[in-house]
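The values are calculated or read from the model by the stated rules, or taken from the named source; none is laboratory data. Since the structure is predicted, the reported quantities are computational estimates derived from the model, not experimental observations. Because the Cβ atoms are built from the backbone with ideal geometry, glycine has one as well, and the counts that use them run over all protein chains shown. Just so you know, the surface numbers come from the protein's heavy atoms only, side chains and all, with ligands and any DNA or RNA stripped out. Shrake-Rupley method; radii C 1.70, N 1.55, O 1.52, S 1.80 Å.
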Amino acid sequence: MAKMSSDSSSSSPVKITISSSSGAFQPIGITSPVQRRLSNNPNSPLSASRKGSVGSPISSTSGGRYLSLSKDSVEEFVSYTVQIPQTPDNRILSESLNCSIEGGENKGNPNEVYMKDTIFTGGFNSATKAYTRKSKEEEEEEVENMVIKSKFSCEMEGCDEASNDGKFKRECECGFRICKECFLDCVANNFGHCPGCKELYRGKGDEDYDEESDDEPRSEARDQANPLPCRGGSRMEKNFSLVQSFKNPNSELDNSQWLFETKGTYGYGNALWPRDGHDFGRGGERVQYPPDFSDRRNRPLTRKIGISTAIISPYRLLIVARLAALSCYLTWRVSHPNREAMWLWMMSVICEFWFALSWILDQLPKLCPVKRETDLAVLSEQYESTNPNLRNPKSLSDLPGIDVFVSTADAEKEPPLVTANTILSILAVNYPVEKVACYLSDDGGSLVTFEALAEAASFAKIWVPFCRKHKIEPRNPEAYFGLKRDPLKNQKRVDFVADRRRVKREYDEYKVRINALPDSIRRRSDAYNAKAELRAKKKLVELGDNPVEPVKKATWMVDGTHWPGTWASAEESHTRGDHEAIIQMMLVPPSSEPLMGAYDECKIDTSAVDVRLPMLVYVSREKRPGFDHNKKAGAMNALVRASAIMSNGPFILNLDCDHYIYNSLAMREGMCFMLDRGGDRIGYVQFPQRFEGIDPSDRYANHNTVFFDVSMRALDGLQGPMYVGTGCIFRRIAVYGFSPPRATEHLGWFGRRKKRMMLLKRSKDKDAAASQEDDEMMMPIMGEEDHAAEVASRSLLTQQFGNSTALVDSIAIAEFGGRLLHELRGKGCMGRPSGSLAVQREPLDASALSEAVSVITCFYEDKSDWGKRVGWIYGSVTEDVVTGYRMHNRGWRSIYCVTKRDAFRGTAPINLTDRLNQVLRWATGSVEIFFSRNNALFASPRMKFLQRVAYFNVGIYPFTSMFLLVYCTLPALSLFSGKFIVQSLNITFLVFLLIITLTLCFLALLEIKWSGISLQDWWRNEQFWVIGGTSAHPAAVIQGLLKVIAGIDISFTLTSKSAAPDDGIDDYAELYEFRWTILMIPPITIILLNVFAMGVAISRTMYSPFPQWSKLLGGVFFSFWVLAHLFPFAKGFLGREGKIPTIVYLWSGLIGMVLSLLALYVYPPPASGGQSFLGSFQFP
């Protein structure tokens, strides 16, 4: 039976009535001291009751488990009626209720009896339960005590203190009254928890309370970052809206039915962080924004990404399968010789064995390709914090300095405009201005290059602020203004159009001035020379018969002085190989603090732009007859020494004059690897080479994508990629020839046993042999050695690096600047504190410039280790590969940095002759490496096994050309002779051929998949491999052998750099130019030989009484394979619109007639009557 009373004389808004199952209505009223509103949850019983009439009460009629709602005023009040069956456990409660009802004095509501700490639970489809913890006697005693205590008394047990004014200075939100003395005891002994609600005590009158009792806990809370409040004493009732008035935390409450009512907290984390002391509070004002958990200081700067297992696993499996197929095929070929043509069989088997070996050497290093990513945001937060601190009070950049080297040698083949635009892209790079220094090495000593650099420095004052203001990409003006896309894309500043128009006009004038430099210098020099001749004649008249020194045709600068470099007249001491050293600082080192521009209506508004420019230096080393200047390697070493004295950047970026910075963040991308954890072992970071101005079909594989995107990525998974001559960031200490701080030796078969070594301290038993080349070069650590050891080390460094004291002193400074931060250093390695590089660079003076000039003289390297173990290595035309090999051999690692936006872009020769000469130089250098001590067979144990295989393949690949020449002529010889490389085209041979071909195709597809290249790139690479292998590579082998055996030196012409084409001229005009070279003879011979052989074989088979079509098809197929690979070479002779040069007709006709006569003489066709077709003709 359930009943709800609509008449309530009590002040409580909630009334619960309990009746027994016997039918006797014995109500017990329980009031709640806190007014509760109805739930908004539609599944709540409270919400269900609200569906009835609002004005009239709703009563229940079944089971006593339903609730009724009455609304007598503006506020909503709830009354519960619960029916509990009579049980033995419940009998005492019923008796007590009867007694209380009968003897009650409350006439207004005789059914109302108070019960404390009784919790009732229930709901839809669930039994109603009541939990009673206290007996009747305890209840009566507690009610009696509550009546005795007034509302002005302290509610603490054992405390009867009453307030004089009726108010207490500290009250909890739960309404629990407490005096001052009891409150102090709770703070001291109960950790500040309220005795009533068991929560942290937060009173309503904090401002009026004594500060001495509250300051100390608050100060401790401030010292701890985001403290978690204690949850052990928090009360459970506040999480459930229907039972908030019951203070019984020890009760076993089944809250599964009331989860929809909770408005408690979710704890602590980056999703939600409550305010202090409100871990279970309600309301938006008690929740604050989560703390910043994304602390980037401990995040890595780089991330290595492996190739997907779904791609790399089948790729490796196919390599193994093709290796097994090649082994079975070669075994079958050896065991099944062709008895009819043993010479043909022998040549083919030897070539196939070599090709198999070459394929293995090329494929093994590709087993572990990787990809890498950088996080530039972390780099900026770690090294460019905007918050001043004790170590960096001015918030300067803590990034290490970078010295950028640009090399040029001939102003005629390398246009000054191209070089000047490369310099402009460097000056506008997105890197701290005070940390960048640019050096231009002019090995030709040309005044044109010198004044072009001066023009670039002047134009940079406009171009660099424009790039920084509008975030221009790319920052090469020629490349930017030549873009075919909309320049207004992604531009939001209103003044961009006006600024671009002004800068474009300035750039056009700048181009005209640079292009006119050769003529202006010539006219100026002629005018000064004419004045000098007039003065000489006047002096001759004054002196009479006395001889007068003849006037030299000098080259004059603008200020009227002689140019100390190369003259146009090539006078003594003023030629390309004979001139003095020159160092000119075009732009002085900038200040460490930003310098904002000014507002000018006639120019660009740079009031909010940093207008500082990096340091720019022109360098031309001294050259004298009788000295070996070692080409580009010698020029780079001169820059290393000069920059060590002037700027001494811990890192060096090497660029060719035609390779400009296409991505202004390229330096930051490379420094992420150098400064990340473990970066102290990285010797250099190599970027891929990307080229512009190449024909869309890439006829001669100028992009070389297979090498840069397949082979180099694969080497990155081993010990690192090779150095390719440009687009590389070096650690200066690694260039100096020092060993890494720690290394790993790979011992045993295939380097499976590893031995880790620490190389910071020098061994004591190496003092006697320290000057030998094979010994270890330890880094000079500042403050790590005693005085005697430091003096010995300094003496040794003087012997190795020359007699410049300033250069030797700069080594330890460069080593310190290249260290990692203390928290990122490796075990046992040296680090540097954060902010140690955020200092002002020391100003340069005349003595520093004088010292820099002295270290670039031609005799400075005498009796030193420059070029032997220090700097760029001499003795090879491919000094880049040798230099990188030496670093890997000492234990350094390298990294391949492929950025989303190309880091650098340059030009490549699209003319066939220039391309063949370039490949000839590379192949000749490889032959020199093979016959030198830089052969990978003599590598140290610090180089990984597969890395040795890669370097060994670099030295041996030109020799493949000898076998390729023979193999490309075998199809023609087979067609001429009517024989084949096998006895017959049986099923075994065809199956092997099919398996080998299919595995090669599938490997190519998987390489395309994980590297991102296109199928056309892969096919162009295969074609040019045959073209280069039949033209430039054989010549390289011959030249290399002549140098090794006969000592004949090899000289190469500089590759011409193409400038921007003029208007109205085809961008690819050089592609169709035909320039004859002797390197073209072997490919032409092979093409004509195969074409005539196919004609002879087809005609002979058609007119033969017993045609052998199988051998004809085999020979024709292989001839077609050769011609398909040489098709781009043949297409190069056609020129524009099918115009074939006359020399092609002459050579092809002569070679064709000779080969035809030879074929007819060796294998004459049968004639009628038994007479030979040639009659009685015989060769003498």
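Where Rh denotes the Kirkwood radius from the mean inverse Cα pair distance, what is Rg over Rh for segment 589-726? Can you show the working numbers first?
Details: Rg = 19.9 Å, Rh = 19.2 Å.
Ratio of gyration radius to Kirkwood radius: 1.04.
Where only protein heavy atoms count, and the probe is 1.4 Å, what is the accessible area per residue for segment 911-1009 in Å²?
About 37 Å² of surface per residue is accessible.
Per-residue HN-Hα couplings for segment 1072-1077, Karplus 6.51 cos²θ - 1.76 cosθ + 1.60 at θ = phi - 60°, whole Hz, x for Gly and Pro?
My calculation for segment 1072-1077 gives 9, 6, 9, 10, 5, 8 Hz in order.
Give the Rg (one decimal place) followed by the Dmax (whole number) of segment 970-1024, computed from C-alpha coordinates and expressed in Å.
Calculated on Cα positions, Rg and Dmax stand at 15.8, 45 Å.
Please express the Cα-Cα pair-distance distribution P(r) of segment 368-464 as a list of whole percents, one per 10 Å bin, running from 0 to the bin with the greatest distance.
Per 10 Å bin, starting at zero, the Cα-Cα P(r) for segment 368-464 comes out as 13, 33, 25, 20, 8, 0 percent.
Using modelled backbone amide H atoms (1.01 Å from N, in-plane), which distant-in-sequence or interchain residues come within less than 5 Å of residue 307's amide H?
Placed amide hydrogens put 371 under 5 Å from residue 307.
Along the charge dipole of segment 449-559, pointing to its positive end and built from +1/-1 on Cβ of Lys, Arg, Asp and Glu, which listed residue (464, 491, 481) has its Cα farthest out?
Looking along the dipole axis, the top candidate is 491.
So, how do all the Cα-to-Cα distances of segment 871-936 break down into 5 Å bins, in percent, from 0 on up?
3, 14, 18, 17, 19, 18, 9, 2
Distance from the Cα centre of segment 368-388 to that of segment 326-358, in angstrom?
If you average the Cα positions of each part, the centres end up 54 Å apart.
Over all directions, what mean area does the Cα convex hull of segment 348-388 project, stated in square nanometres?
Numbers: hull surface 17.6 nm².
The orientation-averaged projected area of the Cα hull of segment 348-388 comes to 4.4 nm².
So how long is each side of segment 291-446 along the principal axes, counting just the alpha-carbon atoms, biggest first, in Å?
The Cα atoms of segment 291-446 stretch 87, 59, 21 Å along their principal axes.
Given the peptides 373-380, 576-583, arrange them by the average over their residues of other C-beta atoms within 10 Å, most packed first.
576-583, 373-380
Need one word for segment 691-753: rounded, prolate or oblate. Basis is the Cα gyration tensor (sqrt eigenvalues a ≥ b ≥ c); a/c below 1.5 gives rounded, then a/b vs b/c decides.
Here segment 691-753 falls in the oblate category.
Along segment 380-397, what does the Karplus equation 6.51 cos²θ - 1.76 cosθ + 1.60 (θ = phi - 60°) give for ³J(HN,Hα), rounded to whole Hz, x for Gly and Pro?
Once θ is set to phi - 60°, the couplings for segment 380-397 become 5, 6, 7, 10, 9, 6, 8, 9, x, 9, 5, 7, 9, x, 9, 6, 7, 6 Hz.
Bin by bin, in steps of 10 Å, what percent of the Cα pairs in segment 389-441 do you find, going until the bin that has the longest distance?
Values per bin, smallest distances first: 21, 40, 23, 11, 5, 1.
Keeping all protein chains in the complex and leaving out DNA, RNA and ligands, what accessible area do you get for residue 662 with a 1.4 Å probe, in Å² to the nearest 10?
Near enough 30 Å² of accessible area.
Sort the following peptides by mean Cβ neighbour count (other Cβ atoms within 10 Å, averaged over residues), highest first: 450-456, 697-703.
Those peptides, ordered most packed to least, come out 450-456, 697-703.
Could you tell me how far the Cα centroid of segment 562-606 sits from the Cα centroid of segment 428-473, in Å?
That distance is 10 Å.
Taking a ≥ b ≥ c as the square roots of the eigenvalues of the Cα gyration tensor of segment 378-533, is the shape rounded (a/c under 1.5), prolate (a/b larger than b/c) or oblate?
Cα axes put segment 378-533 in the oblate bin.
Long-range amide H contacts for residue 692: which residues qualify at under 5 Å (H placed 1.01 Å from N, peptide plane, sequence gap of 5 or more or a different chain)?
For residue 692, the qualifying residues are 906, 907, 908.
Of the heavy-atom accessible surface of segment 421-539 (probe 1.4 angstrom), what whole percent is carbon and sulfur?
Ligands and nucleic acids excluded, carbon and sulfur give 53 percent.
Which whole-Hz ³J(HN,Hα) couplings does segment 1039-1045 yield from phi under the Karplus relation 6.51 cos²θ - 1.76 cosθ + 1.60, θ = phi - 60°, glycine and proline marked x?
Once rounded to whole Hz, the list reads 5, x, 5, 5, 5, 6, 7.
Based on the mean of other Cβ atoms within 10 Å per residue, sort peptides 329-341, 634-646, 606-618 so the most packed one is first.
Descending mean neighbour count gives 634-646, 606-618, 329-341.
Around residue 943, which amide H atoms from residues at least 5 apart in sequence, or from another chain, sit under 5 Å from its own amide H, with H modelled in the peptide plane?
So residue 943 has HN proximity to 746.
Calculate, in whole percent, how much of the Cα-Cα pair population of segment 824-898 lies beyond 18 Å.
When all Cα pairs of segment 824-898 are counted, 68 percent exceed 18 Å.
Could you pull the Cα extents of segment 472-561 along its three principal axes, largest to smallest, in whole Å?
Principal-axis extents of segment 472-561 (Cα, largest first): 77, 20, 14 Å.
Over the Cα atoms of segment 493-633, each weighted equally, I'd like the Debye log10 I(q)/I(0) at q = 0.20, 0.21 Å⁻¹, rounded to two decimals.
-1.25, -1.29
Using protein chains only and a probe of 1.4 angstrom, how many square angstrom of residue 995 are accessible, to the nearest 10?
Result for residue 995: roughly 70 Å² accessible.
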